[in-house]
1. For the range 30-127, count all C-alpha to C-alpha pairs, find those more than 17 Å apart, and express that count as a whole percent of the total.
2. With only alpha-carbon pairs counted, each pair once and no self-pairs, how large is the Kirkwood hydrodynamic radius of the chain in angstroms?
3. Taking H placed 1.01 Å from N in the peptide plane, check which residues at least 5 places from R340 or on another chain put their amide H under 5 Å from its amide H.
4. If you take the charge dipole of the chain about its Cα centre, with +1 on Lys and Arg Cβ and -1 on Asp and Glu Cβ, which of G235, N292, P24 is farthest toward its positive end?
5. Once you sort the root eigenvalues of the Cα gyration tensor of the range 159-288 as a ≥ b ≥ c, which label holds: rounded (a/c under 1.5), prolate (a/b larger than b/c) or oblate (the other case)?
6. Describe numerically, in nm with one decimal, the distance between label points set 7 Å from Cα along Cα→Cβ at K127 and at K246.
7. Distance check, please: which entries in K233/K283; K31/K330; K198/K344; K198/K236; K140/K233; K135/K236 exceed 26 angstrom between their Cα atoms?
8. Hey, for a label at V99 modelled as a point 7 Å past Cα toward Cβ, could you say which residues of the range 303-340 have their backbone N under 20 Å away?
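The values are calculated or read from the model by the stated rules, or taken from the named source; none is laboratory data. The shown structure was predicted, so the numbers you read here are calculated from the model rather than taken from an experiment. Don't worry about glycine lacking a Cβ; one is built from the backbone with ideal geometry, like all the others, and counts go over all protein chains shown. Surface accessibility is based on the protein's heavy atoms, side chains included, excluding ligands, DNA and RNA. Shrake-Rupley method; radii C 1.70, N 1.55, O 1.52, S 1.80 Å.
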Amino acid sequence: MFNREIHFIRSLFSNSSMIPLHEPCFAGNEKKYVTQTIDSTFVSSVGEFVNRFERMICEYTGSRFAVATVNGTSALHIALILAGVQPDDEVITQPLTFVATANAITYCRAEPVFLDIDLDTLGLSPKSLDLFLKKNAALKEGIAVNIHTGKRISACVPMHTFSHACQIDRIVAICNEYNIPVIEDAAESLGSTYLGKKTGTFGLMGVYSFNGNKIITSGGGGMIVTDDESLAKRGKHLTTTARVNKSYEFEHDMVGYNYRMPNINAALACAQLENIDLFIQNKRELASRYKNFFHNTEMTFFCEPDGATSTYWLNAVLATDLTLRDLFLKETNHAGIMTRPAWKLMNTLDMFRHCQKDSLENADFIEKRLINLPSSVRL
Ligand SMILES: *Cc1c(COP(=O)(O)O)cnc(C)c1O
């Protein structure tokens, strides 16, 4: 049934028999920088590439401060702690996301609250957020409290799905009315913009991931960005075992985390970031090929939302229904083309089933229909 589609996708990635969903592209200084760390022996927790990568991310995103971490999940964890999330608090997020978002909230022993997404962004819906807060939240001595559970609502974590910006300006404006700090999960959207500004730089903090499947990779890695100097300083302290700066003594002033990005990973990341503009150009070109191809077919190509410029980290199409989605997944994977469905919604996973949620009509609709397509940079 999908022979035409299979043939087209094959033609885009002509060189390989198995076409992966997303593979990294090493075409620059990767080997050179990684070799430098090996030659110098500084592959681990000391070395200049970490500082260099943090400076590069600041320059690239326009954020004032950046704290590198061992992965994106740990960056989310620390950002939530820095925002003041405490055990028993509630944290608003979306059900359509990678499990790391909800996991990080749980690491703080807080509870995720799942609100619906918008169909045109796949990200947290400002309308659902506004309605939920109007119905459930009140400010008590400057702190947002859920009047039905009595718990603090201490953060909101919208996610820019597959690199498409959600309506982050409206989300921040609504949260500001309730003094709720916004942490953007921009793990998938490094390089994407909304209203001309980089995703990850709208909220109090933003978080990126450099896992092997992301637009640039450090092997594994993450980053917190913020314009707030004291948050950045505390973030650095917390991610580096809270060591008090002394030359050879080991002294720590609180229970910190060993979340520092190793220098060898930062070396790889620096080389990758040097090429990000090329990657984005290449991926946007691929997206436009997909868009033209799927025009007037049963699959609807998911385009960047109004006001956004997306990197098209992972391309996506929407099938007309679940049956067609499953058939497409089956036939393409059988033909060696890696496609995959959206994540199972977080509220349907055992460990989050009990969490509060609102009507999740749009998330349900998308989960049944969405398919991610091979999206690697093509050399
Ligand atoms: C990749 C990703 C993360 C972080 O993942 P790590 O593998 O820990 O770097 C967080 N949130 C989302 C939405 C992601 O896609």
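1. 65 percent
2. Kirkwood radius, the chain: 21.4 Å.
3. N372
4. P24
5. oblate
6. Distance between the two pseudo-spin positions: 5.9 nm.
7. K233/K283; K31/K330; K198/K344; K140/K233; K135/K236
8. 339-340
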